[in-house]
Amino acid sequence: MQNLFYQPGISSGINYLTPEESRHCVKVLRKKTGDILYITDGQGTVFEAAIAKADPAKCVFIIQHSTHQPARGYSFRLGIAPTKNADRMEWLVEKCIEIGIDRVSFIQTVHSERTNLNVARLEKIAVSAMKQSLYAYLPVIDPICRFQDFIANETGNQKFIAHGGPGTVHLMDAAKPGGTCTVLIGPEGDFTPDELRLAGQKGFVPVSLGSSRLRTETAGLSACLILSLINRHFHQNPT
(Lines give C-alpha, C1' and ligand atoms only; values in the text may rest on other atoms or scores of the structure.)
Protein backbone atom coordinates (compact mmCIF):
# COMPACT_ATOMS: atom_id res chain seq x y z
CA MET A 1 0.00 0.00 0.00
CA GLN A 2 1.91 3.03 -1.29
CA ASN A 3 -0.92 5.55 -1.08
CA LEU A 4 -3.95 5.83 1.16
CA PHE A 5 -7.07 7.80 0.24
CA TYR A 6 -9.75 9.08 2.61
CA GLN A 7 -13.50 8.83 2.14
CA PRO A 8 -15.37 9.00 5.47
CA GLY A 9 -18.65 7.96 3.86
CA ILE A 10 -17.40 4.80 2.19
CA SER A 11 -18.88 2.53 4.87
CA SER A 12 -22.33 4.01 4.23
CA GLY A 13 -22.21 3.34 0.49
CA ILE A 14 -20.42 6.32 -1.07
CA ASN A 15 -18.38 4.89 -3.96
CA TYR A 16 -16.42 7.91 -5.15
CA LEU A 17 -13.59 10.09 -3.90
CA THR A 18 -14.05 13.72 -2.91
CA PRO A 19 -13.12 16.31 -5.56
CA GLU A 20 -9.79 17.00 -3.84
CA GLU A 21 -8.94 13.31 -3.51
CA SER A 22 -10.14 12.63 -7.07
CA ARG A 23 -7.90 15.34 -8.47
CA HIS A 24 -4.89 14.02 -6.56
CA CYS A 25 -5.62 10.46 -7.64
CA VAL A 26 -6.17 11.11 -11.35
CA LYS A 27 -4.17 14.27 -12.09
CA VAL A 28 -1.20 13.91 -9.74
CA LEU A 29 -0.81 10.15 -9.37
CA ARG A 30 -2.17 9.50 -12.89
CA LYS A 31 -4.34 6.59 -11.81
CA LYS A 32 -6.49 5.06 -14.54
CA THR A 33 -9.61 2.93 -14.81
CA GLY A 34 -8.91 -0.52 -13.40
CA ASP A 35 -6.12 0.62 -11.10
CA ILE A 36 -6.32 -0.45 -7.45
CA LEU A 37 -6.81 2.10 -4.67
CA TYR A 38 -6.64 1.76 -0.90
CA ILE A 39 -9.22 3.88 0.88
CA THR A 40 -9.91 4.36 4.57
CA ASP A 41 -12.95 5.62 6.42
CA GLY A 42 -10.72 7.01 9.17
CA GLN A 43 -12.21 4.51 11.61
CA GLY A 44 -9.72 1.70 11.09
CA THR A 45 -11.08 0.00 7.96
CA VAL A 46 -9.06 -0.09 4.73
CA PHE A 47 -10.93 -0.84 1.52
CA GLU A 48 -9.22 -2.20 -1.58
CA ALA A 49 -11.08 -0.83 -4.60
CA ALA A 50 -10.73 -0.72 -8.37
CA ILE A 51 -11.28 2.54 -10.24
CA ALA A 52 -14.45 2.35 -12.33
CA LYS A 53 -14.26 5.90 -13.69
CA ALA A 54 -11.03 7.89 -13.53
CA ASP A 55 -12.64 11.32 -13.41
CA PRO A 56 -10.52 14.05 -11.74
CA ALA A 57 -13.73 15.68 -10.47
CA LYS A 58 -15.36 12.49 -9.18
CA CYS A 59 -13.30 9.32 -9.23
CA VAL A 60 -15.69 6.37 -8.95
CA PHE A 61 -14.52 3.04 -7.55
CA ILE A 62 -15.78 -0.50 -6.92
CA ILE A 63 -14.87 -2.10 -3.59
CA GLN A 64 -13.10 -5.45 -3.91
CA HIS A 65 -12.72 -6.26 -0.23
CA SER A 66 -11.87 -4.64 3.10
CA THR A 67 -9.65 -5.28 6.11
CA HIS A 68 -9.64 -3.80 9.57
CA GLN A 69 -6.35 -2.34 10.71
CA PRO A 70 -5.63 -3.16 14.37
CA ALA A 71 -5.56 -0.12 16.61
CA ARG A 72 -2.52 0.65 18.71
CA GLY A 73 -2.48 -0.84 22.17
CA TYR A 74 -2.43 2.61 23.70
CA SER A 75 -3.98 6.05 23.31
CA PHE A 76 -2.23 9.43 23.56
CA ARG A 77 -3.86 12.84 23.89
CA LEU A 78 -1.94 16.11 23.79
CA GLY A 79 -3.40 19.20 25.44
CA ILE A 80 -1.47 22.28 24.36
CA ALA A 81 -1.74 26.07 24.56
CA PRO A 82 -1.60 27.35 20.96
CA THR A 83 1.24 29.65 20.00
CA LYS A 84 0.77 33.13 18.56
CA ASN A 85 2.06 31.83 15.22
CA ALA A 86 -0.61 29.42 13.94
CA ASP A 87 1.89 27.84 11.51
CA ARG A 88 3.67 26.27 14.46
CA MET A 89 0.50 24.48 15.55
CA GLU A 90 -0.11 23.25 12.02
CA TRP A 91 3.43 21.85 11.95
CA LEU A 92 2.89 20.22 15.35
CA VAL A 93 -0.38 18.55 14.32
CA GLU A 94 1.19 17.17 11.15
CA LYS A 95 4.30 15.75 12.84
CA CYS A 96 2.54 14.33 15.91
CA ILE A 97 0.04 12.47 13.75
CA GLU A 98 2.79 11.04 11.57
CA ILE A 99 4.56 9.80 14.71
CA GLY A 100 1.39 8.54 16.35
CA ILE A 101 -1.21 10.48 18.34
CA ASP A 102 -4.93 10.02 18.81
CA ARG A 103 -6.14 13.44 19.85
CA VAL A 104 -4.88 17.01 19.93
CA SER A 105 -6.72 19.46 22.17
CA PHE A 106 -6.02 23.17 22.40
CA ILE A 107 -6.28 24.86 25.78
CA GLN A 108 -6.65 28.48 26.83
CA THR A 109 -4.44 29.31 29.79
CA VAL A 110 -3.69 32.53 31.65
CA HIS A 111 -0.58 33.13 29.54
CA SER A 112 -2.03 31.90 26.23
CA GLU A 113 -0.96 33.93 23.19
CA ARG A 114 -3.89 32.90 20.98
CA THR A 115 -7.58 32.31 21.67
CA ASN A 116 -8.74 31.05 18.25
CA LEU A 117 -7.61 28.58 15.62
CA ASN A 118 -8.78 27.46 12.19
CA VAL A 119 -9.89 23.98 13.24
CA ALA A 120 -11.13 23.12 9.73
CA ARG A 121 -7.64 23.72 8.35
CA LEU A 122 -6.07 21.65 11.11
CA GLU A 123 -8.49 18.81 10.35
CA LYS A 124 -7.36 18.85 6.70
CA ILE A 125 -3.75 18.66 7.86
CA ALA A 126 -4.73 15.75 10.11
CA VAL A 127 -6.23 13.87 7.15
CA SER A 128 -3.09 14.43 5.09
CA ALA A 129 -0.83 13.27 7.93
CA MET A 130 -2.99 10.19 8.52
CA LYS A 131 -2.66 9.21 4.87
CA GLN A 132 1.07 9.92 4.89
CA SER A 133 1.57 7.58 7.86
CA LEU A 134 -0.66 4.87 6.29
CA TYR A 135 -2.59 4.65 9.56
CA ALA A 136 -6.33 4.13 9.12
CA TYR A 137 -7.53 6.04 12.18
CA LEU A 138 -8.15 9.78 11.89
CA PRO A 139 -7.09 11.62 15.08
CA VAL A 140 -9.47 14.05 16.73
CA ILE A 141 -8.68 17.79 16.60
CA ASP A 142 -10.46 19.71 19.36
CA PRO A 143 -11.16 23.46 19.31
CA ILE A 144 -9.81 25.67 22.06
CA CYS A 145 -11.32 25.13 25.49
CA ARG A 146 -10.61 26.64 28.88
CA PHE A 147 -7.82 25.07 30.92
CA GLN A 148 -10.21 24.50 33.84
CA ASP A 149 -12.71 22.67 31.61
CA PHE A 150 -10.02 20.48 30.09
CA ILE A 151 -8.57 19.23 33.37
CA ALA A 152 -12.03 18.73 34.87
CA ASN A 153 -13.18 16.46 32.02
CA GLU A 154 -10.01 14.49 31.24
CA THR A 155 -10.35 10.81 32.15
CA GLY A 156 -7.06 9.24 30.95
CA ASN A 157 -5.48 6.75 33.35
CA GLN A 158 -2.13 8.56 33.05
CA LYS A 159 -2.20 12.35 33.25
CA PHE A 160 0.88 14.56 33.12
CA ILE A 161 1.59 18.28 33.03
CA ALA A 162 4.95 19.39 31.62
CA HIS A 163 6.61 21.61 34.17
CA GLY A 164 10.32 21.19 34.75
CA GLY A 165 10.65 22.26 38.36
CA PRO A 166 13.47 21.05 40.63
CA GLY A 167 13.35 17.32 41.22
CA THR A 168 10.61 16.73 38.65
CA VAL A 169 10.73 13.24 37.16
CA HIS A 170 11.26 12.94 33.39
CA LEU A 171 8.28 11.86 31.29
CA MET A 172 10.34 8.91 30.04
CA ASP A 173 10.53 7.59 33.61
CA ALA A 174 7.03 8.58 34.72
CA ALA A 175 4.94 7.20 31.84
CA LYS A 176 4.02 3.53 31.59
CA PRO A 177 3.24 1.68 28.35
CA GLY A 178 -0.33 0.88 27.44
CA GLY A 179 -3.58 2.54 28.47
CA THR A 180 -4.60 6.13 27.84
CA CYS A 181 -2.14 8.94 28.45
CA THR A 182 -2.65 12.72 28.42
CA VAL A 183 0.13 15.31 28.49
CA LEU A 184 -0.45 19.02 29.03
CA ILE A 185 1.94 21.54 27.44
CA GLY A 186 1.79 25.18 28.51
CA PRO A 187 2.37 28.43 26.60
CA GLU A 188 5.71 30.22 26.24
CA GLY A 189 4.99 31.95 29.57
CA ASP A 190 4.36 28.55 31.23
CA PHE A 191 1.49 27.59 33.52
CA THR A 192 0.70 29.78 36.51
CA PRO A 193 1.11 28.43 40.06
CA ASP A 194 -2.69 28.31 40.36
CA GLU A 195 -2.98 26.27 37.15
CA LEU A 196 -0.35 23.83 38.38
CA ARG A 197 -2.19 23.51 41.69
CA LEU A 198 -5.55 22.91 39.98
CA ALA A 199 -4.02 20.33 37.65
CA GLY A 200 -2.49 18.52 40.62
CA GLN A 201 -5.88 18.39 42.31
CA LYS A 202 -7.27 16.70 39.19
CA GLY A 203 -4.55 14.03 39.17
CA PHE A 204 -2.06 15.56 36.73
CA VAL A 205 1.52 14.66 37.66
CA PRO A 206 4.28 17.25 36.94
CA VAL A 207 6.95 15.93 34.56
CA SER A 208 10.08 17.22 32.87
CA LEU A 209 10.93 16.96 29.18
CA GLY A 210 14.64 17.48 29.76
CA SER A 211 17.05 20.17 30.88
CA SER A 212 16.71 22.35 27.75
CA ARG A 213 14.08 25.09 27.58
CA LEU A 214 11.81 24.12 24.70
CA ARG A 215 9.41 26.09 22.57
CA THR A 216 5.78 25.08 23.02
CA GLU A 217 5.54 23.12 19.77
CA THR A 218 8.91 21.44 20.38
CA ALA A 219 7.74 20.34 23.82
CA GLY A 220 4.56 18.89 22.31
CA LEU A 221 6.50 16.94 19.71
CA SER A 222 9.00 15.75 22.34
CA ALA A 223 6.18 14.37 24.50
CA CYS A 224 4.72 12.58 21.47
CA LEU A 225 8.07 11.03 20.60
CA ILE A 226 8.74 9.88 24.16
CA LEU A 227 5.37 8.17 24.55
CA SER A 228 5.61 6.61 21.11
CA LEU A 229 9.01 5.12 21.93
CA ILE A 230 7.84 3.81 25.32
CA ASN A 231 4.82 2.10 23.80
CA ARG A 232 6.42 0.74 20.64
CA HIS A 233 9.29 -0.79 22.62
CA PHE A 234 6.79 -2.38 25.00
CA HIS A 235 4.62 -3.89 22.26
CA GLN A 236 7.63 -5.23 20.43
CA ASN A 237 9.18 -6.60 23.64
CA PRO A 238 6.30 -7.25 26.08
CA THR A 239 8.44 -9.25 28.47
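The values are calculated or read from the model by the stated rules, or taken from the named source; none is laboratory data. Please read all numbers here as calculations on a predicted model, not as lab measurements. Please note: Cβ atoms are built from the backbone with ideal geometry, for glycine as well, and neighbour counts cover all protein chains shown.
Some notes on this structure:
Residues are listed down the side, and each one gets a yes or a no for (1) under 24 Å from A152 (Cβ atoms); (2) at pLDDT below 95; (3) not assigned by TED's automatic domain parsing to the domain that holds G220:
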| residue | (1), (2), (3) |
| --- | --- |
| L37 | no, no, yes |
| V46 | no, no, yes |
| V60 | no, no, yes |
| K84 | no, yes, no |
| I97 | no, no, no |
| V104 | yes, no, no |
| S112 | yes, yes, no |
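- Pair list, Cβ < 6 Å and 6+ apart or interchain, from region 134-149 residues that are without any contact (Cβ under 8 Å) to a residue 40 or more places away in the chain to residues that are crowded, with 21+ Cβ neighbours inside 10 Å and outside any strand (DSSP E or B): none
- Among the residues of region 119-173, those identified as β-branched (V, I, T), farther than 14 Å from R77 by Cβ and in a loop (DSSP other than H, G, I, E, B) are T168, V169.
- Exclusive hit being in a helix (DSSP H, G or I), of a type in the set (S, T, Y) and in the same structural domain as I80 (by TED's automatic domain parsing), set S212, S222: S222
- Some residue of region 67-83 being surrounded by fewer than 18 Cβ atoms within 10 Å (Cβ to Cβ) and part of a helix (DSSP H, G or I): no
- Residues satisfying the stated conditions in region 118-145, i.e. of a type in the set (D, E, K, R) and more than 22 Å from C181 (Cβ to Cβ): R121, E123, K124, K131
- Some residue of region 14-25 being within 30 Å of T182 (Cα to Cα) and either touching a Cys at 6+ places or on another chain (Cβ under 9 Å) or at pLDDT below 95 (or both): no
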